[in-house]
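Novice: Starting off with a structure, shown below.
The values are calculated or read from the model by the stated rules, or taken from the named source; none is laboratory data. Small disclaimer: the values here were computed from a predicted structure and weren't measured. We place every Cβ from the backbone using ideal geometry, glycine too, and count neighbours over all the protein chains shown. Keep in mind that these areas ignore ligands, DNA and RNA; they rest on the heavy atoms of the full protein, side chains included. Shrake-Rupley method; radii C 1.70, N 1.55, O 1.52, S 1.80 Å.
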Amino acid sequence: LHAQFSHMKLAFYEEKLEQQFLRQHLLCGQLRDALHKAELSLHYQPQIDMLTGSVVGAEALLRWTDALAGEMSPKEFISVAEKSGLIKPLNLWVMRAAFRQWLLWREEGLDISIAINLSVRSICDPELLTDIHRLLDEFAVPPEYVVLELTESAFANTTDIAMETLRSLHSMGFRLSVDDFGSGHLPLSQLKDLAINELKIDHELIHSLCTDMGSYAVVDACIQLAHQLHLRVVAEGVEARQTEQQLQAMGCDMAQGYYFCKPIPADAFSTWMHLRESRMESALSG
Ligand code: C2E
Ligand code: MG
Ligand code: MG
Ligand code: MG
């Protein structure tokens, strides 16, 4: 009976794998098409300086709305793109779109930096530096205004070549950020040797900040550690006023999350910025 049961379990497992494979294969084809059609876009989420309350940055987040399937989750399609050869054109598309947007905002008078997410695969690509140099020739965005976000696990799993690439980007003036910090993949001892500028504390820790003493202790330690290493700290996933106030009291430098604003299209972003500015001005004068 036991053998029969294992066999059934295996068959079930194989079927699930097959479904998963099919889905990934389908997604891959759709994504390839999406790159050529106009189905991809970037949304932007404001990043707030906790000391002054002003918006100092925008994180670009990739969106894909398939004509049939609707909105797709970036977590899912980016992992599919990473396994196929699609991550490279996808990443180039994102960087080009974000640089172009930064220049448009600049013309409008917005003085903010732009944060772009990079995947592990992208930084392991030996051509990344050449591609980025080419983009800088085309768009002339000062690297000091560009934050490149890499997840903690990406930093933990890089090769020597990738480390060299990161160091080059850092010395070109790009800001490097460890995304999802505290989600548990990067040895702390490695942190001091990385060419980075920023830690971005994982949203799960931030969510439980005000309800769980353990989370409070870890976030507090992250902030102290970052500051001792002369890094800037950003809290992601701030959803409540109470969390904002707590982070402020703890000395966190920057925050982003639904409490301030969800990720929104570029034109909505500038409208939101102008509204916020005029509201802050009238609050100051009245
Ligand atoms: P991430 O870089 O850590 O981005 C933060 C995610 O949290 C985003 O999800 C954002 O929409 C969401 N978020 C922001 N504020 C809140 C909040 O207050 N509460 C909650 N619950 N969520 C919040 P999204 O857009 O679905 O992206 C998921 C992940 O996909 C990103 O995580 C990033 O790792 C990856 N990703 C997104 N765009 C790109 C891209 O252009 N390139 C690469 N390589 N990865 C990307
Ligand atoms: Mg990010
Ligand atoms: Mg994150
Ligand atoms: Mg995340």
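Novice: Along each of its three principal axes, how wide is the spread of alpha-carbon positions in the chain, in whole angstrom units, largest first?
Specialist: Principal extents (largest minus smallest coordinate, Cα): 76, 48, 40 Å.
Novice: Have a look at Gln30, Gln19, Gln242 and tell me which one the Gaussian network model of the chain (Cα, springs below 10 Å) gives the largest fluctuation.
Specialist: Greatest mean-square fluctuation among the candidates belongs to Gln19.
Novice: If the chain between Ser278 and Arg23 were fully stretched, how many nm would it gain, using 0.36 nm times the residue separation less the Cα-Cα distance? Don't skip to the end; give the middle numbers.
Specialist: Details: separation 255, 0.36 × 255 = 91.80 nm, distance 4.74 nm.
Here the answer is 87.1 nm.
Novice: Next question, about the same structure. Using a 7 Å offset from Cα along Cα-Cβ at Ser54, what residues in region 84-118 end up with backbone N under 17 Å from the label point?
Specialist: Output list for this probe position: 105-114.
Novice: Extension gain Ser84-Asp193, at 0.36 nm per residue separation less the Cα-Cα distance, in nm? Don't skip to the end; give the middle numbers.
Specialist: Numbers: separation 109, 0.36 × 109 = 39.24 nm, distance 3.12 nm.
Contour length minus the Cα-Cα distance gives 36.1 nm.
Novice: Another one. Need one number: nm distance between label points at Asp160 and Asp267, each 7 Å from Cα along Cα→Cβ, rounded to one decimal.
Specialist: Spacing of the two 7 Å Cα→Cβ label points: 5.2 nm.
Novice: If one takes the longest principal axis of the Cα atoms in the chain, at what angle in degrees, from 0 to 90 and to the nearest 10, does the Cα axis of helix 160-172 lie?
Specialist: 20 degrees
Novice: From the phi of every residue in region 210-216, what ³J(HN,Hα) in whole Hz does the Karplus formula 6.51 cos²θ - 1.76 cosθ + 1.60 yield, where θ is phi - 60° and glycine or proline is x?
Specialist: With coefficients 6.51, -1.76 and 1.60, one gets 8, 10, 10, 4, x, 4, 4 Hz.
Novice: Residue by residue, what Karplus-based ³J(HN,Hα) values in Hz, rounded to whole numbers, does region 70-81 have, using 6.51, -1.76 and 1.60 with θ = phi - 60° and x for Gly and Pro?
Specialist: Listing the rounded values in order: x, 5, 10, 7, x, 3, 6, 6, 6, 5, 5, 4 Hz.
Novice: Got a number for carbon plus sulfur as a percent of the chain's accessible area, 1.4 Å probe? Before the final figure, lay out each step's value.
Specialist: Details: 8500 of 15200 Å².
The nonpolar share, carbon plus sulfur, comes to 56 percent.
Novice: Between their Cα atoms, which of Lys88/Lys192; Lys37/Lys88; Lys16/Lys200 are more than 27 Å away from each other?
Specialist: Long pairs (Cα-Cα over 27 Å): Lys88/Lys192; Lys16/Lys200.
Novice: Which ³J(HN,Hα) values, rounded to whole Hz and listed in residue order, are derived for region 222-231 from phi using the Karplus coefficients 6.51, -1.76 and 1.60 in 6.51 cos²θ - 1.76 cosθ + 1.60 with θ = phi - 60°, glycine and proline given as x?
Specialist: 4, 5, 4, 4, 4, 5, 5, 8, 6, 10
Novice: I'd like the orientation of helix 128-139 relative to the chain: the angle between its Cα long axis and the longest Cα principal axis, in ° from 0 to 90, rounded to 10.
Specialist: Helix 128-139 sits at roughly 50 degrees to that axis.
Novice: On average, how much accessible surface per residue is there in region 128-286, in Å², for a 1.4 Å probe, leaving out ligands, DNA and RNA?
Specialist: 49 Å²
Novice: Restricting to bridges with both residues inside the chain, how much of the DSSP beta-bridge set is antiparallel, in percent to the nearest 5?
Specialist: Here the antiparallel bridges make up roughly 40 percent for the chain.
Novice: A follow-up question, please. Given labels modelled 7 Å from the Cα in the Cβ direction, how far is it in nm from Lys37 to Glu107?
Specialist: Here the answer is 2.9 nm between the modelled labels.
Novice: Also, I was wondering about something else. Could you give the accessible area per residue of region 32-71, probe 1.4 Å, as a whole number in Å²? Provide the component values of the computation, followed by the final result.
Specialist: Values: 1870 Å² over 40 residues.
Dividing the accessible area of region 32-71 by its residue count gives 47 Å².
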